[in-house]
Amino acid sequence: MAGRPGVGIVSDVVLQRHRLQAATSKFGLDVSFSGDPSRLMGYSGFPDVSLWLVTLEDEADHPVLFDHLLENTEAPVLFGVDQAPKPGSTEYFRWERRLLDKLEQQLGHLEELDTANDLEELVDVVPQALSNPELPRWITPAVPGSLAEDIWILGASLGGPAAVKTFLDHLPPGLPVGFVYAQHIDGNFTEVLTRVLGRHAHYALKRAEQGYRVRNGDVVLMPVEREWSFDSKGQLTEQSRAWPGPYGPSIDQVLLNVADHYGKRCHAILFSGMGNDGAIAAPMLKAYGSLIWVQESRSCGNSSMPESVAATGCSSFSGTPEQLAKELVKTIENNCLLKSRQNRNSA
């Protein structure tokens, strides 16, 4: 993904390489090289990275490594990175924060992402109040497979999968709405994410497909690697370029691309996440007449993203994932009632 920093990891201990790779991936970094000193010395060409992390059991065992690195790269080299303790321990979390501080000193702000383990933990989570919410009588159930006239963008980052899953689990089946889901995540975890969010919800994830038009009941997941937009017919179109910015998909760009076709029939909910992705495009959507909602801070795994969008003054509702689901149903019901009255008045 263009713009996403890459790191090189050099260690003579396999376990340390694995733990460093897991930690740096969690912070949204690409691992462009991971190996022991001899592998780097014998590498054809030289890996193109933004930063090198080096941790060795005994530096005296590799006397030429440092000169080799300094002669072949202009990227910063962090020597003597602390050995990673056992994951899950208090010491590990402290080590992880120290590592993040060092990385951000060199690379600027980094955004922590959900890991595969974080997602797997959601598989067996049954909603607290899964009582099969019913569709209000004023809402006519959407015809299966019918094209969605109204689109809600679900934007999220760290802590987002859990929040979005809860939101979807509390929606009744048959709502006349389609969803486009923009989740900052490592592209390798897309399959896990799809399985997790499809477990209990009436609204199962599906990956974006070239030429596909969003149907009612869809939750279309925006791919991480390249930008997607909608053509004049509302068909999904993959672009040849990467999403702008360091993390994909760019939520700002997703908002703009969906609104470009759907206009005021496009709305957005910003869930848990680090950073401020979405804050730039939110005012533009509001100008279309779109609704912008955010997850309230206390229910977020990380509240930076929804708070950044709320700070723009564009948000008209804030709530927990359960409250956001309830508000969406109420909003759709009110729109259906309004259309019914208009039809009666024009008859």
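The values are calculated or read from the model by the stated rules, or taken from the named source; none is laboratory data. Every value quoted in this text rests on a predicted model; they were computed, and no experiment measured them. In this analysis, Cβ positions are derived from the backbone assuming ideal geometry, glycine residues included, and neighbour counts consider all displayed protein chains.
Test R17 against the criterion of being free of Cβ contacts under 8 Å to residues at least 40 places away in the same chain, in a helix (DSSP H, G or I) and exposed (fewer than 13 other Cβ atoms within 10 Å of the Cβ), and give yes or no. Even if it seems obvious, please write down each step before you answer.
Numbers: free of Cβ contacts under 8 Å to residues at least 40 places away in the same chain: yes; in a helix (DSSP H, G or I): yes; exposed (fewer than 13 other Cβ atoms within 10 Å of the Cβ): no.
Judged against the criteria, R17 is not a match.
Select, from Q21, Q16, the only residue that is outside the structural domain of Y247 (by TED's automatic domain parsing) and either in contact with a Cys (Cβ under 9 Å, 6 or more places away or on another chain) or farther than 30 Å from Q239 by Cα (or both).
Values: Q21 fails: either in contact with a Cys (Cβ under 9 Å, 6 or more places away or on another chain) or farther than 30 Å from Q239 by Cα (or both).
Just one listed residue meets the conditions, Q16.
Quick check on the range 262-282. Is at least one of its residues in contact with a helix residue (DSSP H, G or I) (Cβ under 8 Å, 6 or more places away or on another chain), over 24 Å from V329 (Cα atoms) and surrounded by fewer than 17 Cβ atoms within 10 Å (Cβ to Cβ)?
No, there is no match, as no residue in the range 262-282 is in contact with a helix residue (DSSP H, G or I) (Cβ under 8 Å, 6 or more places away or on another chain), over 24 Å from V329 (Cα atoms) and surrounded by fewer than 17 Cβ atoms within 10 Å (Cβ to Cβ).
Quick check on my filter: what residues within the range 261-294 are of a type in the set (S, T, Y) and free of Cβ contacts under 8 Å to residues at least 24 places away in the same chain? Don't jump to the end; show me each part of the working.
So the first thing to find is which residues in the range 261-294 are of a type in the set (S, T, Y), and the list is 262, 272, 288, 290.
Hits for the range 261-294: nothing passes.
Before we move on, is E96 over 20 Å from E322 (Cα atoms), of a type outside the set (A, V, I, L, M), in contact (Cβ under 8 Å) with a residue 40 or more places away in the chain and outside any loop (DSSP other than H, G, I, E, B)?
Working: over 20 Å from E322 (Cα atoms): yes; of a type outside the set (A, V, I, L, M): yes; in contact (Cβ under 8 Å) with a residue 40 or more places away in the chain: yes; outside any loop (DSSP other than H, G, I, E, B): yes.
Considered against the rule, which asks whether it is over 20 Å from E322 (Cα atoms), of a type outside the set (A, V, I, L, M), in contact (Cβ under 8 Å) with a residue 40 or more places away in the chain and outside any loop (DSSP other than H, G, I, E, B), E96 comes out as yes.
Being touching a residue at least 40 places away in the same chain (Cβ under 8 Å), in contact with a strand residue (DSSP E or B) (Cβ under 7 Å, 6 or more places away or on another chain), hydrophobic (A, V, I, L, M, F, W, C) and not in a loop (DSSP other than H, G, I, E, B) is the filter here, so list the residues in the range 20-49 that pass it.
Result: L20, single match.
Pick out the one residue from V196, V164, V177 that is of a type in the set (V, I, T) and out of contact with any Pro (no Cβ under 8 Å at 6 or more places or on another chain).
Going through V196, V164, V177 in turn, just one is of a type in the set (V, I, T) and out of contact with any Pro (no Cβ under 8 Å at 6 or more places or on another chain): V177.
Working only within the range 231-264, note down all residues that are closer than 15 Å to M305 by Cα and among the acidic types (D, E).
Scanning the range 231-264 gives a single hit, D252.
The rows are residues; the columns are (1) among the aliphatic types (A, V, I, L, M); (2) exposed (fewer than 14 other Cβ atoms within 10 Å of the Cβ); (3) in contact (Cβ under 8 Å) with a residue 12 or more places away in the chain.
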{"residue": "E104", "(1), (2), (3)": "no, yes, no"}
{"residue": "A142", "(1), (2), (3)": "yes, no, yes"}
{"residue": "A156", "(1), (2), (3)": "yes, no, yes"}
{"residue": "V164", "(1), (2), (3)": "yes, no, yes"}
{"residue": "F167", "(1), (2), (3)": "no, no, yes"}
{"residue": "P176", "(1), (2), (3)": "no, no, yes"}
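So which of V143, V125 ends up being hydrophobic (A, V, I, L, M, F, W, C) and at pLDDT 90 or above?
Numbers: V125 fails: at pLDDT 90 or above.
So the residue among V143, V125 that is hydrophobic (A, V, I, L, M, F, W, C) and at pLDDT 90 or above is V143.
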